[in-house]
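Visitor: The structure is given below, and queries will be raised subsequently.
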Amino acid sequence: MIEFMSTAEPLQIGVIVSFVMLIFVLIGVRVAFATAGAGFLGLVWIFSAKMGFEKGFIVAVKMAGTIPHSKATTLSLSLIPTFILIGYLAYHAGLTKALFEAAKRWVGWLPGGLGVATVFSTAGFAAVSGASVATSAVFARVAIPEMLKMGYDKRFAAGVVAAGGTLASLIPPSAILVIYAIIVEQDVGTLLMAGFIPGIVSAFIYGGLVVFLALMNKDLGPPVRGFTWKQRFESIPGTLPIFFVIFIIMVCIYGGVGTPTEAGALGAGVIMAMAFYKGMRWSTLKDALMESSKLTVMIFTMIWGVLLYVRFLGFADLPNAFSAWIAGIDQSPYITLLFILLAYAVLGMFMDAIGMLLLTLPVVYPAIIALNGGPLVTAADSAFGVSSTGCAIWFGIIVVKMAELCLITPPIGLNCFVVAGVRKDISVQDVFRGVTPFFAADVLTIAVLIAVPSIVLWLPSMM
Amino acid sequence: MSSSIIREDSTRLSKFDQQLFKLESWFSLIGGITISMLVALAIANSLGRWLFNLPVTGYIDWVEQFMAVFAFIGIAYCQRLGGHIRMDILLSLMKGRALWVAEWASTLFMLLITAVLVYGSYFHFYRAFTNGDSSMDIGIPIWPAKLLVPVALSFLMLRLLLQLWAYSRAILLGSEQPVGVPFIEDAATQANREAESLGAASEYDKESQEQS
């Protein structure tokens, strides 16, 4: 045993330690510490094999000790807490009611109008709050009672709310896209821009689907008519902070007039001012600050924990070996990509999206790049028809959309459970039935995004 | 705040837990205030640059200092509330002593790796302190930010020791709901609590009660 430990090749060490790390995760060790712990043990093993245990251990301790501070103070990460703060203050700025009311007045006349209004108001709120599950919980309280009052089918109403929450992660501001960008070392602004069109398209697909379903089955939900243009325009001011947040992020990044952090901070400033205007007190602000602090520290701990593991992986050369294996599989790259996405679909059922991405990307991302033809490939020579940078952005959007899809996938799609949890009169089975058309639409959307990468890459290419 | 998921009673363990939680809450609040300071600083920097061509001097240096605060200071608070992500699919199948033994083992593992990181990050601080390292632009000393890492992780160690104590007690007494540690919640409860943290649930529940 000791002989094996001292003579093992780095790659063997990489495989064994990664396997141990997965066992840690599976038995419930917090992901940040499972990865940091495995990374540290791996460094100890690799250095001990080279220079003896005593020296190897000290070198590993010193190396591991530099990572938390140096990685957590990476400048581009400073954007994350501003997005998180926007999320916690969005509710207090009165945005949920204002959005739903405005959407109802503007699109309520369509067949299934309240459903369409729910889709667009959840999309808007989810985008700024960045919290899919919480958005569904909030709108289960705001939108479902109104829909039921108007005689909407309860499965349909519940399905719209559960699905609407999943629109959180692509439309800016999106913390998860920032984290993806940091891990794969791509430009944060480019990723945020890339998410915009697929996010908006997803919302319109949902909206169109609601109209189609309501046209096919008149009992699902009637239109809500009778609003005057004056009433419509009166509903707009309350929703302006949302448009401001999205607008300022797009302008700062697209126009290059500010950094993403400055855009996030301006957004947070406006939302905070709006929340004060709506009567937010110190106790509420204090709670929002503490919750933001908690979520920030959770994400940062995961990031440095995973990056400690990544440091070890670099020494073990595991990502390169895995990439070579994936690229060498004798089948269509699309089939391999499909299997990888299916693996994400399964993993996403058991793990939070951020955890899932951080845990897997250090190994999966280089493999995807290799599958596309390597880090220097041009669009013309590549397997997926995108350059290596384009592939990084395109895969990020697909995988984030995939993570959102997991929230409405049976048997444990969290958004469906939360809607059923809030509405005691609607069973989980009802929500899953209601959400099925949206699930199918999402699968189709992902297929289209895979087949036509330019939907993702067009906007970033204009920057 | 979501402190309600942790059971409290009059035992010494619970009192110690509550005292430590008060301190951790203060730290977390400092983290939150630092986030709002970052927001204010970034707004001042962008508006200063756009309107007066006058950005904040040493903006990047200050951002990096702030980041060290909010990235670490609430780490024990987050652990106390069970906020660090994990996969609890196997744990949720366990009950009673088996569950507490599994929790105990995973807490011990966390404690060991945290101890190593306290030691390693102290070295990192000590090097910066003895070399007099300072930031690139306006020369702020870097060692205080680096010292924050071992300090925050030491508080996390304290929290983990307390949780080990709580799980040991639960194993010995065979208790169903031990004090001072977070419980695993089902999907709906977890999601509802998340919605409550957005401030939404309570208000709408109140409204619907009033309506009925």
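Derivation of every value follows stated rules applied to the coordinates shown; laboratory data play no part. Given the structure is predicted, the values throughout are model-derived calculations rather than measurements. Note that we place each Cβ from the backbone using ideal geometry, even for glycine, and neighbour counts take in every protein chain shown.
Visitor: Would you tell me the mean number of C-beta atoms belonging to other protein chains that fall within 10 Å of each C-beta in A:51-64, as a whole number?
Guide: 2
Visitor: Right, next: May I ask you to derive the relative contact order of the stretch A:39-81, considering only C-alpha pairs under 8 Å and at least 6 residues apart, and to give it as an integer percent? Mind showing how you got there, number by number?
Guide: Working: 25 pairs, mean separation 11.8, N = 43.
Rounded, it is 27 percent for the stretch A:39-81.
Visitor: Here's something else I'd like to know. When Lys and Arg each count +1 and Asp and Glu each count -1, what net charge do the other residues less than 12 Å away from A:Val31, Cβ to Cβ, add up to?
Guide: 0
Visitor: Could I ask something else about it? I want to check the label-to-label distance for B:Leu93 and B:Ser134. Put each point 7 Å from Cα in the C-beta direction and report it in nm to one decimal.
Guide: Calculated label separation equals 5.9 nm.
Visitor: Taking a threshold of 18 Å on the Cα-Cα distance, which of the pairs A:Lys55/B:Lys146; A:Lys149/A:Lys230; A:Lys97/A:Lys278; A:Lys62/B:Lys146 fall above it? Display every interim value, and only then the final one.
Guide: Details: A:Lys55/B:Lys146 24 Å; A:Lys149/A:Lys230 25 Å; A:Lys97/A:Lys278 12 Å; A:Lys62/B:Lys146 14 Å.
Violating the 18 Å Cα-Cα cut-off are A:Lys55/B:Lys146; A:Lys149/A:Lys230.
Visitor: How large is log10 of I(q)/I(0) for the stretch A:336-443 at q = 0.19 Å⁻¹ when the intensity is taken from the Debye formula with one equal scatterer per alpha-carbon?
Guide: With no solvent term, the Cα-only Debye profile gives -0.93.
Visitor: Calculate the translational D of the stretch A:118-162 in whole µm² s⁻¹ from Stokes-Einstein, where the hydrodynamic radius comes from the Kirkwood formula applied to all Cα pairs, the temperature is 37 °C and the viscosity 0.692 mPa s.
Guide: 316
Visitor: Here is a follow-up. Please list the non-local residues whose amide H lies under 5 Å from the amide H of B:Ser134, H modeled 1.01 Å from N, same-chain partners needing a gap of 5 or more.
Guide: Close amide H contacts, sequence-distant or interchain: B:Ile142.
Visitor: Sticking with this structure for a sec: Counting C-alpha atoms alone, how compact is the stretch A:56-170: give Rg to one decimal and Dmax as a whole number, in angstrom.
Guide: 20.3, 70
Visitor: Between the alpha-carbon centers of the stretch A:82-116 and the stretch A:258-320, tell me the distance in whole angstrom.
Guide: First find each Cα centre; the distance between them is then 23 Å.
Visitor: Then there's this: What are the residues whose amide H is under 5 Å from the amide H of A:Val377, where those residues sit 5 or more places off or on another chain and H is modelled from the backbone?
Guide: A:Ser388
Visitor: When averaged across all projection directions, what area in nm² does the alpha-carbon convex hull of the stretch A:387-463 cover?
Guide: That works out to 6.0 nm², a quarter of the Cα hull's surface.
Visitor: Give the separation of the Cα centroids, the stretch A:383-419 to the stretch B:65-127, in Å.
Guide: 28
Visitor: Further question on the same structure: Quick one: net charge of A:Phe40's neighbours, Cβ under 15 Å, K/R +1, D/E -1? List each step's numbers first, then the result.
Guide: Working: positive: A:Arg30, A:Lys62, A:Lys71, A:Arg311; negative: none.
My count for the surroundings of A:Phe40 gives +4.
Visitor: If you don't mind, another one. Treating only the Cα positions of the stretch B:77-119 as identical point scatterers, give the base-10 log of I(q)/I(0) from the Debye formula at each q in 0.18, 0.34 Å⁻¹.
Guide: -0.63, -1.14
Visitor: Summing Lys, Arg as +1 and Asp, Glu as -1, what charge do residues with Cβ under 10 Å from the Cβ of A:Ile144 carry, A:Ile144 excluded?
Guide: +2
Visitor: So what is the relative contact order of chain A, in percent, for Cα pairs below 8 Å that sit 6 or more residues apart?
Guide: Dividing the mean separation by the residue count of chain A yields 24 percent.
Visitor: Let me ask something else. Regarding the stretch A:129-257, what are the three Cα extents along the principal axes, ordered largest first, in Å?
Guide: Projected onto the principal axes, the Cα atoms of the stretch A:129-257 cover 50, 33, 25 Å.
Visitor: Same structure again: Expressed as an acute angle from 0 to 90° and rounded to the nearest 10, what is the orientation of the C-alpha long axis of helix A:79-90 relative to the principal long axis of chain A?
Guide: The angle comes out at about 30 degrees.
Visitor: Expected output is a single nm value to one decimal: the length gained when fully extending between A:Arg433 and A:Met51, i.e. 0.36 nm times separation in residues minus the C-alpha distance. What is it?
Guide: The A:Arg433-A:Met51 span can extend by a further 131.5 nm.
Visitor: Report D for the protein assembly as shown in µm² per second (integer): Stokes-Einstein, Kirkwood Rh on Cα pairs, 25 °C, 0.890 mPa s. Write down the numbers at each step before the final one.
Guide: Details: Rh = 25.8 Å.
D = 95 µm²/s.
Visitor: What are the ³J(HN,Hα) values, in whole Hz, obtained from phi via the Karplus relation 6.51 cos²θ - 1.76 cosθ + 1.60 with θ = phi - 60°, for each residue of the stretch B:120-130 in sequence order, with x given for Gly and Pro?
Guide: With coefficients 6.51, -1.76 and 1.60, one gets x, 6, 5, 4, 4, 5, 4, 4, 5, 5, 6 Hz.
Visitor: Considering every residue in B:146-152, what mean count of other chain Cβ atoms within 10 Å of its Cβ is obtained?
Guide: 3
Visitor: Longest segment of chain A with no trypsin sites (Lys or Arg not before Pro) in a DSSP loop having at most 11 other Cβ atoms within 10 Å? Working shown, then result.
Guide: Working: sites that count: A:Lys218, A:Arg225, A:Arg281, A:Lys424.
The answer is A:1-217.
Visitor: For Cα pairs less than 8 Å apart in space and 6+ apart in sequence, what is the mean separation divided by the residue count of the stretch B:12-183, i.e. the relative contact order in percent?
Guide: 29
Visitor: Here is the link list: A:Lys154/A:Lys424; A:Lys104/A:Lys286; B:Lys15/B:Lys95. Which ones come out longer than 21 Å on Cα distance?
Guide: Details: A:Lys154/A:Lys424 12 Å; A:Lys104/A:Lys286 33 Å; B:Lys15/B:Lys95 26 Å.
A:Lys104/A:Lys286; B:Lys15/B:Lys95, as the Cα separations exceed 21 Å there.
Visitor: Over the stretch A:75-296, what lengths in whole Å, largest first, do the semi-axes of the equivalent ellipsoid take, defined as the square roots of 5 times the eigenvalues of the alpha-carbon gyration tensor?
Guide: Values: eigenvalues 183, 73, 49 Å².
They are 30, 19, 16 Å, listed from largest to smallest.
Visitor: Using the Cα atoms as the points, what is the convex hull volume per residue of the stretch B:46-166 in Å³?
Guide: Spread over its residues, the Cα hull of the stretch B:46-166 gives 119 Å³ apiece.
Visitor: How large is the helix-only mean residue ellipticity at 222 nm for the protein assembly as shown, computed as the sum of -39500 (n - 2.57) over DSSP H runs with n ≥ 4, divided by its residue count, in deg cm²/dmol to the nearest 500?
Guide: About -25000 deg cm²/dmol.
Visitor: May I ask you to evaluate 6.51 cos²θ - 1.76 cosθ + 1.60, the Karplus curve with θ = phi - 60°, for each residue of the stretch A:411-426 and list the ³J(HN,Hα) values in order in whole Hz, giving x for glycine and proline?
Guide: Listing the rounded values in order: x, 10, x, 4, 4, 5, 5, 5, 5, 5, x, 6, 9, 5, 7, 10 Hz.
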